[in-house]
Amino acid sequence: MVEEVLRTLAERGGDPLADDSVPFVLRDVLLWRMRPLDEGTREVLGAAAVLGMAPDQRIIASALSLDRVTVGSALTAAHRAGLLHDGGDGLRFRHDLARQVVYDLVPRPNREWLHLRVARVLEQELPRPVAQLAHHYRLAGSGADFVRNAEAAADLATERGDDATAASFLLQTMDVAELPRPVRVRLAAKLGRSAIDGLSQAEAIPVLERLLADRRLPPGARGELGLVLGRMLRQQGEALRGYTEIERAVPYLRAPRRKAPALAVLAAPDTVVGRHVDDHLARCTEAESAATASGDPAAHLAVRIARASLLLELGDPAAWSIITELRASAELADRPREHARACLNWAQGALHAGHPEQAEALLAAGRALVDETGYERLTALVEATELSLSRAAGRFDGLAERLTRLVTTAERMPVTLLDARAELATVLALTAAAERAGSTGGHDRPDSRTEGCAGLGDSGRGRDEVESAERALREVVADARRVGAVWPLVQALSALARLTVVGRPDEAVRHATEALSVVRGKGIVAWAADAVLVLAEAAAAAGEPARAAAAVAELEAGIAGRDTPLARAALRRCRDLVPA
């Protein structure tokens, strides 16, 4: 094709860089080659272009009601004219541009008729090639037949675990104007479920929002569509909007087997601002009641996973017995995707509480399951968790580069990427401090973040890296506020307080106080451990340790009896600075 275009440009003149030179020249070349063909051959060639790159002579013959000899002769003539070539398995178009030019030269009514004829022929084949049928019926303008086959193709793709293909077919059905509302709702629900694990969330979200805006939508459909919309919004990083949509959907979910997993999502405390942990505990209790009423093992499993995650964040030791029981169960083993997601969520919860060894084991299990199942949607979560674990364990070599690569290349799991961006900014500052000290020693201790940042203002390179870290953290804070994501917000505010405690203590106190306020709204005091430590350091440096006494006492009371090693280590350091 390149040779043909360049040769024609050389003979006729023309600018090879002009936007429309190549298509027009190629079209001219093909038109010139088609000139000697009679009308019957052109009709066969047009039908071949409708079929695709490698047209089947048998289907062409049936669609045009011709015998195979006539079709073969026509295709041979097109071959002699340079429009087709022998690919070893039959005659085919040289390239898709050539096929497209021939296709476009067929008048539109004729094209639609050809697509319909081809579809009628393909209907006779077993098994029915539903994906091809959907394609041909769509281009034939036969909406009902297209929808019927597109849904069947989507169902088949879902059975094979190909959610992206299923979502692609279902998205196309949403463009059919004459769809009855019950059919549109059914297809939209399938679209939502497939897009959750596929790559079509951004396209599917507006479809579901338009349907939910229809006041005539039946209650059951409103619940189902609201649930899948909420889940997609959360996966797109819209933490608060997604959570709110699921809250709205729950009253409309009549079936306990659907209500239980929805309530289980609402039990997760680490994704949304403005909801107290007591609300999450109440949702978890409601989810357990719904799961029991449903008798559905899958619903019961989802709720148990959520209960373990919630208890982990609360520092309740009972979480570990639930996790051990679930990981040994056949119910979880038979659902490797759910198993992978659960292990990764638990690994993050273990890191939040300060259990790096358990987090390491859970991460390894989750990573193996993701590799085994090819569940690409979780790959960014795997890498982000690995990087958080490396930071917690003090493994800083190459960590900043890996974090940068994740932040700049990953397209999925935006809330996780907010976490990663906060990690990146903090790691850059800690690395600068370690270089100034000439060692990375001590970073594996929970309270080493305090020691590592001292004196950063004395190093030119350290100042540059801290300024870069501050800019990144401020962006994370702004994004986390915008989407209502609580854990990245607390993490970034605490890191900002840490970075500014030397040199700008008043600013550090402001950031730490805001982090503590956000945590109070959530009710999991252990999350504020680093922010409280900054308040204690700033007060002690000012010679007024009593200013932080209330915050330190609040931390002590909040983690009493809790399994939170990280917060306990911070509390010990606080008590060195602010005695009781």
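What is the residue count in segment 289-315 for residues that are farther than 18 Å from N345 by Cβ and not hydrophobic (A, V, I, L, M, F, W, C)? The qualifying residues number 6.
For segment 518-534, check the following and say yes or no: at least one residue is over 27 Å from L240 (Cβ atoms) and not acidic (D, E). Reasoning before the result, please.
So in segment 518-534, the residues over 27 Å from L240 (Cβ atoms) come out as 533.
Narrowing further to those that are not acidic (D, E): 533.
Yes - at least one qualifying residue is present in segment 518-534.
Can you tell me which residues in segment 286-298 are among the charged types (D, E, K, R), farther than 13 Å from E247 by Cα and in a helix (DSSP H, G or I)? Walk me through how you get there before you give the answer.
Going residue by residue through segment 286-298, those that are among the charged types (D, E, K, R) are 286, 288, 296.
If we keep only those that are farther than 13 Å from E247 by Cα as well, we get 288, 296.
Residue satisfying the conditions is E288 alone.
The set of residues from segment 305-349 being basic (K, R) and either in contact with a Ser or Thr (Cβ under 7 Å, 6 or more places away or on another chain) or under 14 Å from V370 (Cβ atoms) (or both) comprises R335, R337, R341.
The residues listed here are V130, V147; of these, the one that is touching a residue at least 40 places away in the same chain (Cβ under 8 Å) and surrounded by 18 or more Cβ atoms within 10 Å (Cβ to Cβ) is V147. Within segment 76-122, the set of residues being of a type outside the set (G, A, S), buried (at least 16 other Cβ atoms within 10 Å of the Cβ) and more than 41 Å from the chain's Cα centre (by Cα) comprises L83, L84, L91, L105, V106. Could you say whether any residue in segment 208-215 is closer than 30 Å to A380 by Cα, touching a Ser or Thr at 6+ places or on another chain (Cβ under 7 Å) and open to solvent by 20 Å² or more (accessible area, probe 1.4 Å)? No: zero hits.
Taking R283 as the residue in question, decide whether it is farther than 22 Å from P218 by Cα, out of contact with any strand residue (DSSP E or B) (no Cβ under 7 Å at 6 or more places or on another chain), of a type in the set (K, R) and assigned to a loop (DSSP other than H, G, I, E, B). The answer is no for R283. Condition check for E386 on (1) of a type in the set (D, E); (2) open to solvent by less than 50 Å² (accessible area, probe 1.4 Å); (3) modelled with pLDDT of 95 or more: one failure, at (3).
In the list A570, A515, A538, which residue meets the criterion of being under 24 Å from D279 (Cβ atoms), assigned to a helix (DSSP H, G or I), open to solvent by less than 30 Å² (accessible area, probe 1.4 Å) and modelled with pLDDT of 95 or more? So that I can check it myself, show each step before the final result.
Details: A570 fails: under 24 Å from D279 (Cβ atoms); A538 fails: under 24 Å from D279 (Cβ atoms).
After applying the criteria, what remains is A515.
The values are calculated or read from the model by the stated rules, or taken from the named source; none is laboratory data. Being a predicted model, the structure only gives us computed values, none of them experimental. Using ideal geometry, Cβ is built from the backbone for each residue, glycine included, and neighbour counts are taken over all protein chains shown. Protein only, heavy atoms only, side chains kept; ligands, DNA and RNA dropped before computing areas. Shrake-Rupley method; radii C 1.70, N 1.55, O 1.52, S 1.80 Å.
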